[in-house]
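Here the structure comes first, spelled out in structure tokens, and everything after it is commentary.
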Amino acid sequence: MSPEGRERLSTVLLAAYYGLFLLFLYGPMIVMIILSLQDSRGGATFPARGLVDSFWYDDLGSASQAAVREAIGTSLVLAVVVGLVGGLLSLSLSMAYRRLGRFSTPLMYLVLLSLMTPGLLLSLGLLFWWDLLGLGTPELYPTVLGAQVVWALPFGFLVMLSIFNRYDESVEEAARDLGASAAETFFRVTLPIVWAGVFGATLFGFVLSWNEFERTLLIATTATLPIEIFSQLTTSVLRPSLYALGAITTVGTLVMVLVVTVITGLIVRRNTRAQARADAALAGTGLEEVTEAGSPAQPAPAG
């Protein structure tokens, strides 16, 4: 086989492999969306019946699905709080990590250790701890909130570490040399540079909380959406309305990520242009100062 033929064959094989990989990732979502579009005759497995219909989407608004709607609201509020708390803690921990010197490595391992803790064991340990303190039945806040923040924090911490690895500390030193206080340096210099990482850590916390099940199962007295879905799966026959719910949450999450990505790109582009204008202005100012000092910007014509 000629070199051109081998190159074409390798391209075809790599494209087929990539296509199979995408099918493995997104195939279950596509199947779920298809089965959610059945009419009242539809079931939980193929073949699909009565395509295309919104019957099961309408069923989510019925009285029988009131518990699901309440669980959606609970999970949404909890996910927002976990995202905000996780983003702030990730920022503060990453800044502490930069300043601890030789103690920074133990801190990193301690933070990442929670990734190795099985979720059910963490949930069970929190339940025993709550009982040991004699505080009665655990509530959604702060027990479930604490468990989910512990789970989301290492991911946000890793995001912030990747941001600070490319961070130039000389900009903070320059700000302090110009008379800025610690607070002014943080809010006007550090935060505008690393805000994308904080936003990413917050988004990580939101998504992880929205899908969290095992770390919440034993300690939540108020049903979150994953617990409510599990309860329906164990007490009744699987209905395509759950597929409709899954399609709504999946598409909603993808749209949210897309919107965040677009907004982040626009802000980064705006900041880049502003920085370019500032650099150009500084360059022009320096040139004028040199000219006023007696050194011409251009050489004088001969003669």
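What follows draws every value from the coordinates through simple rules; no lab data is involved. What you are looking at is a predicted structure, and each value in this text was computed from that prediction instead of being measured. A quick note on method: Cβ atoms are made from the backbone with ideal geometry, for glycine too, and the neighbour counts reach across all protein chains shown.
Summary table
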{"read-out": "Qualifying GluC sites (Glu not before Pro) for the stretch 149-214 [loop in DSSP, other Cβ within 10 Å: at most 10]", "value": "Glu169"}
{"read-out": "Distance between modelled label sites at Leu120 and Ser40, nm, 7 Å Cα→Cβ extension", "value": "4.1"}
{"read-out": "Tilt relative to the chain, helix 104-113 - C-alpha long axis, 0 to 90 degrees, to 10", "value": "20"}
{"read-out": "Extension gain (nm, one decimal) between Glu214 and Leu13, 0.36 nm per residue minus Cα-Cα", "value": "68.4 nm"}
{"read-out": "Calculated [θ] (222 nm, deg cm²/dmol) that DSSP helices of n ≥ 4 give over the chain, each run adding -39,500 (n - 2.57)", "value": "-24000 deg cm²/dmol"}
{"read-out": "Cα gyration tensor shape of the stretch 65-272, rounded if a/c is under 1.5, else prolate or oblate by comparing a/b with b/c", "value": "oblate"}
{"read-out": "Angle in degrees between helix 66-99 and the longest Cα principal axis of the chain, rounded to the nearest 10", "value": "30"}
{"read-out": "Lys, Arg +1 and Asp, Glu -1 on Cβ, resulting dipole of the chain about Cα centre, debye, nearest 20", "value": "460"}
{"read-out": "Between 0 and 90°, nearest 10: helix 119-132 axis offset from the chain longest Cα axis", "value": "80"}
